[in-house]
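For reference, the structure discussed in these notes is given below.
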Amino acid sequence: MNIYHVWCDLKPGVGDLTFTEKATAYLGHLKEQGLIESFRITRRKLGLSPAFLGEFHLMIEVRDLAQLDAAFDRVAGRREPVEEFHFGVNSLATDATFALYRDFPDPVRHAGEEKF
């Protein structure tokens with residue numbers, strides 16, 4: 001699995017439940033369309049995280065980069081119905097930071113013949 005991470009804060013005046021409802025609707029739509037496998041929405045607890053990471057953390061799991069690319073293509077098309085879901089989240093968040101991680105070792109990894 002590849003995990004696309006998003007950390008963000010909320011814009012002033014945005015309610016935490018409003019954000020999570022909109023994010024759940026958006027990511028749920030992508031999952032229903034087969035564009036992602038699963039997702040989680042978490043919130044920083046007790047102020048424990050590096051200062052540069054946002055209060056909210058979204059983890060989006062995809063099988064491979066082809067599935068992630070398909071999700072990006074769908075969202076980048078800026079067409080309904082996904083545009084409304086994307087706007088619903090994007091308009092509420094600020095200071096987003098992104099990362100892409102993978103399960104390790106990769107399922108295709110073979111050990112013993114590495115040259116480095």
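The values are calculated or read from the model by the stated rules, or taken from the named source; none is laboratory data. Here the structure is a predicted model, which is why all the values come from computation and not from measurement. In this analysis, Cβ positions are derived from the backbone assuming ideal geometry, glycine residues included, and neighbour counts consider all displayed protein chains. Heavy atoms of the whole protein, side chains included, go into the accessibility calculation; ligands, DNA and RNA do not. Shrake-Rupley method; radii C 1.70, N 1.55, O 1.52, S 1.80 Å.
Within the listed set 91, 38, 49, the residue fluctuating most in the Gaussian network model of the chain (springs between alpha-carbon atoms under 10 angstrom) is 49.
Could you size up the charge dipole of the chain around its Cα centre, putting +1 on the beta carbon of Lys and Arg and -1 on that of Asp and Glu, and report it in debye to the nearest 20? For the chain, the charge dipole is close to 220 debye.
Residue separation of residue 111 and residue 46 scaled by 0.36 nm, minus their Cα-Cα distance, works out to 19.3 nm of gained length. For segment 56-116, trypsin sites (Lys or Arg not before Pro) meeting the loop criterion (DSSP other than H, G, I, E, B) and having at most 15 other Cβ atoms within 10 Å: 63, 78, 79, 109, 115. Ranked from largest to smallest solvent-accessible area, with a 1.4 Å probe on the protein heavy atoms, 19, 39 come out as 39, 19. Surface composition of the chain: carbon plus sulfur atoms contribute 55% of the solvent-accessible area (1.4 Å probe, protein chains only, all chains present). Using the Cβ-Cβ distance between residue 97 and residue 32 with R0 = 25 Å, the FRET efficiency computed as 1/(1 + (r/R0)^6) comes to roughly 0.40. Coupling constants for segment 29-44 follow from the phi torsions by the Karplus curve (6.51 cos²θ - 1.76 cosθ + 1.60, θ = phi - 60°), and in residue order they are 4, 4, 5, 4, 7, x, 8, 9, 8, 6, 7, 9, 10, 10, 10, 3 Hz; glycine and proline get x.
Dipole of the chain computed with +1 at Lys/Arg Cβ and -1 at Asp/Glu Cβ about the Cα centre; of 6, 94, 107, farthest Cα towards the positive end is 94. Sequence-ordered 3J(HN,Hα) estimates for segment 71-86 from the Karplus curve with 6.51, -1.76 and 1.60 and θ = phi - 60° stand at 5, 4, 4, 5, 5, 5, x, 6, 10, 6, x, 5, 4, 5, 5, 4 Hz, glycine and proline given as x. The simple Förster model, with R0 at 25 Å and r as the Cβ-Cβ distance, assigns residue 72 and residue 16 a FRET efficiency of 0.40. Converting phi to 3J(HN,Hα) with the Karplus coefficients 6.51, -1.76 and 1.60 and the offset θ = phi - 60°, segment 103-115 yields 4, 9, x, 4, x, 8, 5, 10, 9, x, 10, 5, 9 Hz in sequence order, with x at every glycine or proline. Pairs of Cα atoms in the chain fall into 5 Å distance bins, from 0 up to the last occupied one, in shares of 2, 10, 19, 22, 18, 12, 7, 5, 3, 2, 0, 0 percent. In the complete set of protein chains, residue-level accessible area for residue 5 is approximately 30 Å², probe 1.4 angstrom.
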